[in-house]
Amino acid sequence: MTKKKRKKPAKRNTATRKSAPKDGSARSERVRLFHETPFGKIYHGDSLRLLNQEMKPESADLLVMSPPFGLVRKKAYGNVDADQYLQWFRPFGEAFRRVLKPRGSLVIDIGGAWIPGQPTRSLYHFELLLMLCRELGFHLAQEFFWWNPSKIPSPAEWVTVRRIRVKDAVNCIWWLSPSPWPKSSNRRVAVPYSDSMKHLLKKGHQANGVRPSGHDISEKFSRDHGSAIPPNLIAVPNTESNSYYLRYCRAMGLSPHPARFPSAIPEYFIRMLTDIGDTVVDPFAGSCVTGEVAERLKRNWTCCDLVEEYLHGALARFDKPDSGAPVQRTVSPMGFSGSGKSFYRVHHPGSLWEVNTSDFLQEDGGQTRPQSVGKNHAELDPTKE
Ligand SMILES: C[S@@+](CC[C@H](N)C(=O)[O-])C[C@H]1O[C@@H](n2cnc3c(N)ncnc32)[C@H](O)[C@@H]1O
């Protein structure tokens, strides 16, 4: 497939650029194909229209997104108020159900919000989760927490002026599916063993491995599987400051997208929940980080955004001079320099991504137990009464 020919856009006046309307409407306009790559397509327009009118039912393996949050302080692309959020999101939720394969996954990165004028939090993202599960029949496969250690303290009034709240540095990521058994493998996102685990593996079986909880960890956990199962805490800073994307936007006179997620967020879920050749969709694509990752991982993908300027910037991701080169990652564990025992080290989720690539996902989402289950685990099958 050949790339669409593209002209350098004229320097833009951001005051007159088309931005998303507050209520996410603009639903009368058609979506149009904006750009194509060997694996993906970028559409400009309302993704609700794309999902309902252009996409076939049960055609997507993974919908991964960072929708506009119900933030109190409005962002340039027009967030809806927290209390209107559910109403705005419901038709998207219905459309997601329609286009997802039965064992596909819906992954939503969603930040929290403060209630205006008082130091308390909105419940809108929890209400969203309840709506998706209770009204639209999604199952919560697991909740994740994305810790961004580089988040600045806000709102200043509560955090830095009155010092009565702490920095809000964690986004919720809801992983949902139409099935209780979405296809997935935690092997794809395994991380290196911690130093204490390496020590345990070296020392081998301990006579008394009983935890305060009563769990006997002596034998089961002293087997070396080559890597550790990660927790549902993803530690990635959001500190991009001199990327090709940003330099390209500067050179073209485009405003960079103000709320990009780091590529490790979609990459984590694309790796864990899809195989090569599967279909990934980001309906709130912004600068098309999801498309860039999916292209590199050879997944078919579709991205869509309402704001054309963001898509012009996104083109940087698909004609980089270094396209195809391995991604350089900082993979050192996050944040802690202390050597005392009270510190925990959180691995960058990508520490082993280049090695955890081989196995295929179980089509039945793990409903069939592996043959090789050990004696200790065999008695513990939670699906048997
Ligand atoms: C939080 S941003 C996503 C940023 C993106 N993850 C990235 O890393 O660049 C949300 C995006 O949703 C877009 N959006 C809002 N309503 C939309 C709709 N109905 N259809 C398509 N895009 C929409 C906004 O224009 C905005 O770019």
Only one of ALA235, ALA259 is under 26 Å from ASN186 (Cβ atoms) and either surrounded by fewer than 20 Cβ atoms within 10 Å (Cβ to Cβ) or at pLDDT below 95 (or both); which?
ALA235
Looking only at the stretch 103-123, which residues are without any contact (Cβ under 8 Å) to a residue 12 or more places away in the chain and in a loop (DSSP other than H, G, I, E, B)?
GLY117, GLN118, THR120, LEU123
Every residue in the stretch 127-173 that is assigned to a helix (DSSP H, G or I) and surrounded by 12 or more Cβ atoms within 10 Å (Cβ to Cβ), please.
GLU127, LEU128, LEU129, LEU130, MET131, LEU132, CYS133, GLU135, GLU157, TRP158, VAL159, THR160
Take the stretch 248-279 and flag every residue that is within 16 Å of the ligand (Cβ to nearest atom), touching a Leu at 6+ places or on another chain (Cβ under 8 Å) and farther than 16 Å from ARG317 by Cβ.
PHE269
Restricting attention to the stretch 29-51, and to residues there that are surrounded by 14 or more Cβ atoms within 10 Å (Cβ to Cβ) and among the basic types (Lys, Arg), which single residue is nearest to the chain's Cα centre (by Cα)?
LYS41
For the stretch 282-297, which residues satisfy the criterion of being in a helix (DSSP H, G or I) and near the ligand (Cβ under 6 Å from one of its atoms)?
VAL289
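The values are calculated or read from the model by the stated rules, or taken from the named source; none is laboratory data. Keep in mind the model is a prediction, meaning the values are calculated, not measured. Virtual Cβ from ideal backbone geometry, glycine too; neighbours counted across all protein chains shown.
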